[in-house]
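Participant: So that we are looking at the same thing, I have put the structure below in C-alpha cells.
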Amino acid sequence: MSEKQNILDELWLIIEEKSVGDDESSYTKTMLNKDINHVARKMGEEAIETIVAAIGQTKKDTVNESADLIYHWLLLMKKLDIKPEEIYQELKNRMSL
C-alpha cells in the first residue's frame with residue numbers, strides 16, 4: 001500500500017487512539033463524546049462546505065474542505081462502530097460487479 005493510500009488508515013488509528021485517550025481537550029474526543037446527531041450534522045456541514053468550495057472557491061479551498069470532510073466522515077464511522085475496512089470491502093465488491 002502506498003503512502004497516499006495509507007493516510008486514511010493512519011488517520012483512523014489516530015482517531016481510535018484519541019477516542020480512548022485521557023485528553024478531554026482533544027477535538028476528536030470531544031466530538032466522539034457528542035451524540036450521533038451532532039456528529040452526523042457536523043459531517044453534513046463539512047460536505048456542504050466542500051460543495052460550496054468546489055462551485056465557487058479556489059482549488060486549495062476545495063482541498064482543505066475535502067480534508068475536513070474526510071476527517072469528519074471517519075469520526076462518524078467511528079461513532080457508528082464502522083471500520084474503514086468494511087467500507088473498503090464494499091468498494092471492492094462494487095468494483096467486481
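Participant: Give the order of V39, V52 when sorted by the count of other beta carbons within 10 angstrom, beginning with the fewest.
Facilitator: By the 10 Å Cβ count, ascending: V52, V39.
Participant: Also: With n ≥ 4 as the cut-off for DSSP H runs, can you work out [θ] at 222 nm for the chain, using -39500 (n - 2.57) per run divided by the number of residues, rounded to the nearest 500?
Facilitator: Helix-only estimate at 222 nm: -26500 deg cm²/dmol.
Participant: With 24 Å as the limit, write out which pairs from K18/K83; K59/K79; K34/K83 have Cα-Cα distances beyond it, or answer none.
Facilitator: K59/K79
Each reported figure results from applying straightforward, stated rules to the coordinates on display, with no laboratory input. Here the structure is a predicted model, which means the values were calculated and not measured. Virtual Cβ from ideal backbone geometry, glycine too; neighbours counted across all protein chains shown.
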